[in-house]
1. Return the residues of the stretch 510-569 that are loosely packed, with under 13 Cβ neighbours inside 10 Å and closer than 15 Å to T580 by Cβ; say none if nothing qualifies.
2. Search the stretch 463-482 for residues being in a strand (DSSP E or B) and either among the β-branched types (V, I, T) or not assigned by TED's automatic domain parsing to the domain that holds F425 (or both), and hand back the single one that is surrounded by the fewest Cβ atoms within 10 Å (Cβ to Cβ).
3. Yes or no: L468 among the hydrophobic types (A, V, I, L, M, F, W, C) and within 30 Å of L538 (Cα to Cα)?
4. Of all residues in the stretch 576-586 being modelled with pLDDT under 90 and charged (D, E, K, R), which is farthest from F505 (Cα to Cα)?
5. Of the residues R447, R517, R489, only one is of a type in the set (K, R) and outside any strand (DSSP E or B); which?
6. Among residues belonging to the stretch 424-437 that are surrounded by fewer than 16 Cβ atoms within 10 Å (Cβ to Cβ) and more than 22 Å from K111 (Cβ to Cβ), point out the one that is farthest from the chain's Cα centre (by Cα).
7. Taking the conditions exactly as written (surrounded by 11 or more Cβ atoms within 10 Å (Cβ to Cβ) and touching a Pro at 6+ places or on another chain (Cβ under 9 Å)), does V606 satisfy them or not?
8. Just for the stretch 550-565: of the residues that are small (G, A, S) and touching a strand residue (DSSP E or B) at 6+ places or on another chain (Cβ under 9 Å), which one is modelled with the highest pLDDT?
Amino acid sequence: MKQLKDSKDNLIFSLDIGTRTIIGIVGQYTRNEKFIILDYCIKEHDKRNMYDGQIHDIDGVTKIVVSIKEELEERLGTRLKRVSIAAAGRSLKTCKAKVDKEIDSTSEINKNMIEILELEAIQKAQQMITTSEKQSGLKYYNIGYSVINYYLDDNLMNKLEGHRGDKIGVNLLATFLPHMVIESLYSVIAKAGLEVDNIALEPIAAINVAIKEELRLLNLALIDIGAGTSDIAITKEGKIVAYAMISKAGDEITEAISKEYLLDFNSGERLKIGLSSQNEHKFMDVVGVEHRLSTKEIVKSIYETIIEISDDIAKKIIEYNEKPPSAVFIIGGSSQMPGLKECIAEKLGLPKERVSIRDTSFIENIEGINKDINGPDIVTPIGIAIEGVTKRNNDFLQVEFNGREIRIFNTRDIKISDILVLTGFNPRDLISKSGESFIYYLNGEKREIVGKEGKHAEIYVNSQKGDLNTPVKDNDKITIIKATKGGKRIPHLNDCVPIRRIISFNNNKVNLIKEIRLNGVKVEDNPILVERDNIEVLEIRTVADLLEYMGEDVSVSDIFVNGNEVIEESLLLKENDKVTVNYKRNIRLMINGKEKIIEYNKEDFVFVDIFDHINFDLTKAKGNLKLKLNGKDVEYLAPLKNDDVIELYWTE
């Protein structure tokens, strides 16, 4: 064996590890952005090492990878150390999820609220995927999502930010990849003595070479029809908007042929492959009967299977695209099955020319393709190789999240929100919560004081403050301090009821609160309350209460509140009200032997007031003035009442 030289830095080694075959390509990427294929190697599995794109026998796949590696090394005279690989698109799972969330209608909807809503929807989709795939035992994580619709109070909205409402909602399409797929690929590569240079997703690698970026403004579908499954990628408005998969492909056609003509699986596979290149076929079945049939006859005999596959593909495309696309491109080893592309066109309601098989002739800036590697089955392997050079060392991000090492598949711009989905971080831990309410009872009615507002979550990337949209780079250190719950407010008595409510009554200050009892005991200070304390407040509430409390017996028409005449004694009093009484009273007196009825307008009528109502001259003294009330000497300010007897006279 020749002595191998160390691997050249500009060599690109890629592997497409498929269900039926493994394809290895070695090439160079030139300065003028051309990819030159130097050599290739294609080997079939000698047994069922893989099912539907998933590695089941790691050692069996490793054996073939080692064989391809050594054969290419021998022919190129160099050692291959690093390789680009791809995770099968058939491993992807997509899920639609809708989430509704009650919000405070007084607050304007902001960007952060929308991001948290979307994060909850992604986690709901992840839970749905985990539940539906429970028997498989696979762990899935999100690699992307697109919003289908927003909702505000159950009404469709294009944007939520800036609006107000009671409820917001989002319906989105999330895409997930099982972690086991990546780990099994890495295990094979490590056992083969190689290192992963780059890892891509097969549908992304394929679409990047099959459909140029400028064409993605169109609504196009790419179908990779392999052995185990048919993988679908859909473009629209300049981006890949959806991935899908059906579990029917070339193997179903092989099985239909095998059953129809009594062939073992491998013989049926060889006959199927020959249908795309030969018109006549001669073969012998398992009981020794020889058959001579045309391609047209064989296709007709198993056309029902072709219809089933085409129908499932069309339904899946419409499910994710919501309508037929503008055009469809087909790649993969089974795409060349006669009648298949025409049947897909019919099921989608497209003209036949709108569904075409994409081979390597459409790939730009590539050299070294010969007749053995120019078919639609080579598109994805070439795409993996080109992805390897254009996105080298960009396959995974290694970050530290709250002290834990996390590896995330780098299929797009990664943000903090993606890390939270991967780690299962609860989005509700980003929103602060109010503390428990303080419960008390006021006059038998349950009352509560809302707890203190908690602190919102803090997000840091490399010690710098960030948010859910902060981009994440390799080796970033991410720390999230969870939102906190506020404490309970412990009130004083006057936080629940005022201790004083002062009004003016005839220029005198009166406290409307007559008495406060705390748990049945009268209090006059301002104590700290205890949970579920019972407060009783006895207060003057109405004008009638005030008059009763003050002992006044007057007509309601004589009462004024803040200068306004009172119509009903049930009028409620407020703090700082000014109440006045317009007294209109009569008193009946016997003055110097004569009965006199006097009308007065004041609260009390005293002895000296009678001089305003009788003809008695006090300006000229005629001796000593004698004042008697009911036969006794009296002072000027003595209060009078009905039927009092008064004597007024001068003495020498």
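The values are calculated or read from the model by the stated rules, or taken from the named source; none is laboratory data. A quick note: this is a predicted structure, and the numbers were derived from the prediction, not measured. Because the Cβ atoms are built from the backbone with ideal geometry, glycine has one as well, and the counts that use them run over all protein chains shown.
1. S555, S557, N562, G563, N564, E565
2. Quick first cut of the stretch 463-482, residues in a strand (DSSP E or B) only: 464-466, 471, 477-481.
Still in the running and either among the β-branched types (V, I, T) or not assigned by TED's automatic domain parsing to the domain that holds F425 (or both): 478-481.
On the way: I478: 22, T479: 15, I480: 20, I481: 13.
Filtering the stretch 463-482 for residues that are in a strand (DSSP E or B) and either among the β-branched types (V, I, T) or not assigned by TED's automatic domain parsing to the domain that holds F425 (or both), the one surrounded by the fewest Cβ atoms within 10 Å (Cβ to Cβ) comes out as I481.
3. Working: among the hydrophobic types (A, V, I, L, M, F, W, C): yes; within 30 Å of L538 (Cα to Cα): no.
In short, no.
4. Of the residues in the stretch 576-586, the ones modelled with pLDDT under 90 are 579-586.
Next, from what is left, pick out any that are charged (D, E, K, R): 584-585.
Numbers: K584: 17, R585: 19 Å.
So the residue we want is R585.
5. Details: R447 fails: outside any strand (DSSP E or B); R517 fails: outside any strand (DSSP E or B).
Of the residues listed, the single one that is of a type in the set (K, R) and outside any strand (DSSP E or B) is R489.
6. Checking each candidate, the answer is S437.
7. On the way: surrounded by 11 or more Cβ atoms within 10 Å (Cβ to Cβ): yes; touching a Pro at 6+ places or on another chain (Cβ under 9 Å): yes.
For V606, the condition - surrounded by 11 or more Cβ atoms within 10 Å (Cβ to Cβ) and touching a Pro at 6+ places or on another chain (Cβ under 9 Å) - is met.
8. Filtering the stretch 550-565 down to residues small (G, A, S) leaves 551, 555, 557, 563.
Next cut, touching a strand residue (DSSP E or B) at 6+ places or on another chain (Cβ under 9 Å) only: 557, 563.
Values: S557: 77, G563: 85.
In this case the residue turns out to be G563.
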